[in-house]
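The values are calculated or read from the model by the stated rules, or taken from the named source; none is laboratory data. None of the values given here were measured: they were computed from a predicted structure. For neighbour counting, all protein chains shown are included, and Cβ atoms are generated from backbone atoms with ideal geometry for every residue, glycine included.
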There are 2 protein chains.
Amino acid sequence: MSKLLQDAVSEFSKLPGVGRRTALRLAMHLLKMDVAAVEQMAGSIARFRRDVRHCEVCNNLSDEARCPICQNPERDRSTICVVEQVGDLMSIENTRQYKGLYHVLGGVISPMQGVGPSDLKIDMLIDKVASGTVREVILAISTSVEGETTLFYIMNRLKAFPTVKVSTIARGIGFGDELEYVDELTITHALLNRREVEHP
Amino acid sequence: MSKLLQDAVSEFSKLPGVGRRTALRLAMHLLKMDVAAVEQMAGSIARFRRDVRHCEVCNNLSDEARCPICQNPERDRSTICVVEQVGDLMSIENTRQYKGLYHVLGGVISPMQGVGPSDLKIDMLIDKVASGTVREVILAISTSVEGETTLFYIMNRLKAFPTVKVSTIARGIGFGDELEYVDELTITHALLNRREVEHP
């Protein structure tokens, strides 16, 4: 077998969710692309890993010391939305509804996987809140067991700042979700937090 | 959003079966790898596309003008196994049961996708057979409609060489397959081609 192919396949296999069969399919696909396009792909991958860094303010991925969001003078610096990871930040940004800043924890507390509070950017968050410019902290953390643990840990730490408003994002039935397939905990939550509608 | 991340995600998205969500996951995974490992991955991808070529004898992927199989003096040059693509060749090689040479067509005849006989390496195969050294051609082509079309087209062309033995690989129930889930055509074929067992 071609050594070049073997190398490409074994490198693709290092990616999560890519087995040898998929890796081979990806390699074969490269042959259908222009040489220049593949070189651009390879260049982007290497450059991303080498040059991207974490924003010194919010831990978001960034090309510079501070990310575009933290640099943007139009963002509301008194509100911080805490998320687990960069992907969550991107999902919220895509809604174009949020004008505050973020804080990326870099994961959730998970004793099973050996992730404790000190492995996450929690102290960095508390320091920011302690500096006095923050008026509200929105905790946009997932409802997994680890997420809830992280949520309670952070809420506990934030008790030291009684003037800072702390909120969590609303739980309920998603748009387009069919009630039949929604789990009981979510339905219970959605029922308990029902909203009265005004009569027409 | 980081331009470096954006580039990496949009490049990963060009791979088949990789949407933006998966691309983001792949990019995030790169951050967990060493810089050197990612550079090695990027290098392998670019090098593979730039330097790999098709064996001038059998159309297999190769680092040199002729692939290792065609160069190997121990392989039986009188038998040629015809396959659709390099992945099929690799699957057969993995069995270590086949000692002849290969011929990689590069696809199957598919009028729907605009692939005609001239788009595949069929003439190259016929020329090889016409040269007189070939005694058997094994057609290891898939049983899809396109595969069968290709099979009959090649068998027709090979009629010009009545001394050359032409065979197709056996169809039947795979090892580990549960009869209950095997399609009817395969079961019919397996029944019609049943083999008598010797009494102990």
Q: Could you look through the range B:160-200, keep only residues that are more than 30 Å from residue B:118 (Cβ to Cβ) and touching a Leu at 6+ places or on another chain (Cβ under 8 Å), and pick out the one that is modelled with the lowest pLDDT?
A: B:173
Q) Can you spot a residue in the range B:166-183 that is touching a residue at least 60 places away in the same chain (Cβ under 8 Å) and either under 21 Å from residue B:83 (Cα atoms) or surrounded by 11 or more Cβ atoms within 10 Å (Cβ to Cβ) (or both)? A) no
Q. Taking the stated definitions as given, is residue B:104 of a type in the set (A, V, I, L, M), surrounded by 10 or more Cβ atoms within 10 Å (Cβ to Cβ) and in contact with a Phe, Trp or Tyr (Cβ under 6 Å, 6 or more places away or on another chain)?
A. no
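Each row is one residue, and each column tells you yes or no for (1) surrounded by 15 or more Cβ atoms within 10 Å (Cβ to Cβ); (2) assigned by TED's automatic domain parsing to the domain that holds residue B:104; (3) more than 17 Å from residue A:8 (Cβ to Cβ); (4) among the small types (Gly, Ala, Ser).
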| position | (1), (2), (3), (4) |
| --- | --- |
| B:10 | no, no, yes, yes |
| B:16 | no, no, no, no |
| B:19 | no, no, yes, yes |
| B:30 | yes, no, no, no |
| B:62 | yes, yes, no, yes |
| B:70 | yes, yes, yes, no |
Q | Residue under evaluation residue B:82, criteria (1) surrounded by 11 or more Cβ atoms within 10 Å (Cβ to Cβ); (2) farther than 24 Å from residue A:9 by Cα; (3) among the β-branched types (Val, Ile, Thr), criterion not met | A | (2)
Q: Identify the residue in the range B:90-117 that is within 21 Å of residue B:133 (Cα to Cα) and of a type outside the set (Lys, Arg) and, among all such residues, is modelled with the lowest pLDDT.
A: B:98
Q: Report yes if some residue within the range A:33-52 is within 30 Å of residue A:153 (Cα to Cα) and either outside the structural domain of residue A:130 (by TED's automatic domain parsing) or at pLDDT 95 or above (or both); otherwise report no.
A: yes
Q: Pull up the range B:1-24, narrow it to residues that are more than 29 Å from the chain's Cα centre (by Cα) and part of a loop (DSSP other than H, G, I, E, B), then point me to the one that is nearest to the other protein chains (Cβ to nearest Cβ).
A: B:2
Q. Any idea which residue in the range A:128-159 is modelled with the lowest pLDDT, counting only those that are more than 22 Å from residue A:106 (Cβ to Cβ) and out of contact with any strand residue (DSSP E or B) (no Cβ under 7 Å at 6 or more places or on another chain)?
A. A:132
